[in-house]
Every structure is written in structure tokens, then in C-alpha cells.
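A short write-up of the structure that comes next.
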Amino acid sequence: MAQRKNFMGALVTAAVLISLVTGCGAKATETTATPKAPETSKSTEAPPAKPASDKVVVGFSQIGAESGWRGAETQSIQDTAKADSTIELKFSDAQQKQENQIKAIRSFIAQKVDVIAMAPVVETGWEAVLKEAKDAKIPVILVDRGIDKKNEDLYTSFIGSDFILEGQNAAKAMAEHLGDKGNIIELEGTVGASAAIDRKKGFDDEMKNHPNIKIVKSQSGDFTRATGKQVMEAILKSPEGKDIQGVYAHNDDMALGAIQAIEEAGKKPGSDIKIVSVDGIKEAFEAIKAGKLNTVVECNPLLGPQLFQAAKDLKAGKQLPKWIKSNEEVFSGQKAIDALPNRKY
Ligand code: GZL
């Protein structure tokens, strides 16, 4: 009987103690603390582990905000996380600097997130930090850009497009617009980025079937509108720029910059000089409707739903495919004009 009284007394004491702590303005936290069992004797067990969060905690390292496409991808990831109470997103913007992405990944490791996701700005230089993530047993998902093939064992899955196919489709469209002959300029994406490397490779592969089309100059515009315009202005003033019939831009932002440069040089983009680009942002569709751009090869940035589904699957112990591929289309002419009202980015 006495033992029962002691036990009840301890319970009451514990309950009073807990109400005092939370009653002193301690900020209510989302996860409920597990009240400690009343101590009737010195416990020899280890203290209870931090209660596992019922949320899937994802650390995402974003490249930056260099293009309309990138902004749409960030919006998709943030909106999807905001709408899903089972997801906690830790988001970092690297302002296009690889060292900032590496710092962010190290911070996610220190915070013991469930999954690390990243859009790697370039393909190389990730081995050390991804090994640290692997040693910490935190799976890594690549989003929209890849890394060096030799490090395939350092990430679980790549969610993104087939850039080689995008380049091949761009080349086929260019050949059609040029009547299979002419000189073209290539505006490449960020040097070392998988999207730039593979869009170039796909384009060059297909151009082998069109020997009367020559790439007279190929230069990086770093995926931005401003640099795309600057590079195009300089080329138009150079000897190579005197006789060009087409521009292939690795993304819409550089194509829209090139269109401005071509107009300022007194030429008609879309007719004097045919333009083919990749991404499919709304402004590119509007440029097609205005007759200033000829074909856009779609590259889907709305990857938020796929990313967080993959993170949940990983936390639930499911296997993921090594490549979760985006399906995309090619738009020109009336097909692009008809699609414009329904474009989501
Ligand atoms: C493609 C993505 C590229 C876009 C650009 O997946 O990495 O980066 O094509 C963006 O607009 O800057």
C-alpha cells in the first residue's frame, strides 16, 4: 500500500513540475516533448533519445536565381513543401557559387537532415562533401543537374531531364528552320554545368546529319539574359557575325538576350536569324507568338512534387530509380501559341 502512495506522490510531483515549466512562457514547439517517467529509483537506462520528428526533413541546396527557369524551380520546391505538413524544408541559395553549396551541404549534415537534395552548379568538385554525407548515412538526391559519372555511387537518384535529347531536338528544329543549310551561333550555358555539356553534345551529335549547317562560333552566356545579350552583341560585331542564319541558345534567358541584341543591330530575330532555345518559360512562348523565336525545347522545372515524394519514399525505406526522368515536348508555331495560356511557368 505504501509503495502505491509513493508512486502516486511522484506522479503528482512530476505533473506539477511539467505544468510549471510549460506555464513559464516556454514557447510551445511543434514536436511534443515526451514527459519523463517519474523517478521512483535511480534509473540505469540511457535518457530517452530525441523523439524522431514525424516530418521528413530535407535540406535543399539551390544554385541561385540566374534564370526564369531557376525561379520557377525554386517556387515549385518551396510551394510543395509549404503545402505538405509532413515536410520540413531547409533551403539554401548559393548565388551560383559551388563553395556556398558545399557549405550548405555540410550544414545539412550537421543538422542531421533526413535527405540532402541539390542542383549541382557544375559536374565536378563534389567528391569530398558527398563522401561526408555518405559517411553520415544521409542520402543525396540530385535535382535538375548531374555530377561526374565517376561519382555515381555518391548519390541515390537524379531527378531531371535528358539534356542530350534536348540538344538533339534543338538541332532537328534548327535544321528544319534553316532548310538544312547555313551558319549558326551557339550560346552555351554555365561552363562545366551538366545541362550545358549535354545540350552541346546532343546538338553536335545531331548536326553530324546536317553537314551544310556550320556552328561558326560557340560561347558561354552563363544561362543569364544579360550575358546572353552581351555575347550576342559582340559576335554580331565580329567577322563571324556578318553571315549567320541561326542562333541555338542553351536556355530561353540567353535567347531572349540575343533577340534584344539582334533587334538593336537592325536585324529581325525569328526571320533574318532563326532562334532555337531550351526551357519553355512563358516569355519564350510569347516570343514565338511575336514571331521573334522559332522553337523552344521544353525542360520541366516544376520538380517539387517529385523531389518530396522521393524523399518520403527514401525515409520509408523504399528503393528509388537512379534516374527519375522528366518528360518534355518541343514547341513551335501554332502549337506554341495554343499552349501559351496553359503554361505554368
Ligand atoms: C536545366 C537547368 C538549367 C536551365 C537554365 O535543368 O539546370 O539551369 O536550362 C538554368 O535556365 O539556369
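The values are calculated or read from the model by the stated rules, or taken from the named source; none is laboratory data. In this text the structure is predicted, and so the values were computed from the model without any measurement. We place every Cβ from the backbone using ideal geometry, glycine too, and count neighbours over all the protein chains shown. Note: accessible area is taken over every heavy atom of the protein model, side chains too, but ligands, DNA and RNA are not part of it. Shrake-Rupley method; radii C 1.70, N 1.55, O 1.52, S 1.80 Å.
Applying 1/(1 + (r/R0)^6) with R0 = 35 Å to the Cβ-Cβ distance of Lys268 and Gln95 gives a FRET efficiency near 0.45. Solvent exposure of region 163-299 amounts to 38 Å² per residue of accessible area, where only protein heavy atoms count and the probe is 1.4 Å.
Projected over every direction and averaged, the convex hull enclosing the alpha-carbon atoms of region 163-299 yields 6.8 nm². Beyond 22 Å in Cα-Cα separation lie the following of the pairs Lys322/Lys344; Lys137/Lys322; Lys217/Lys274: Lys322/Lys344.
Taking the accessible area of region 73-232, probe 1.4 Å, and keeping the other protein chains in place, the carbon and sulfur fraction comes to 51%. For region 282-339, applying the loop criterion from DSSP together with a ceiling of 11 other beta carbons within 10 Å to the GluC sites (Glu not before Pro) yields no site. Residues whose amide H lies under 5 Å from that of Ser218, counting only those 5 or more places away or on a different chain, are Glu186; hydrogens are built 1.01 Å from N in the peptide plane.
Each of Leu340 and Lys149 was given a label point 7 Å from its Cα along the Cα-to-Cβ line. The distance between the two points is 4.1 nm. Normalised by the number of residues in region 163-299, the mean separation of alpha-carbon contacts (under 8 Å, six or more apart) gives a relative contact order of 27 percent.
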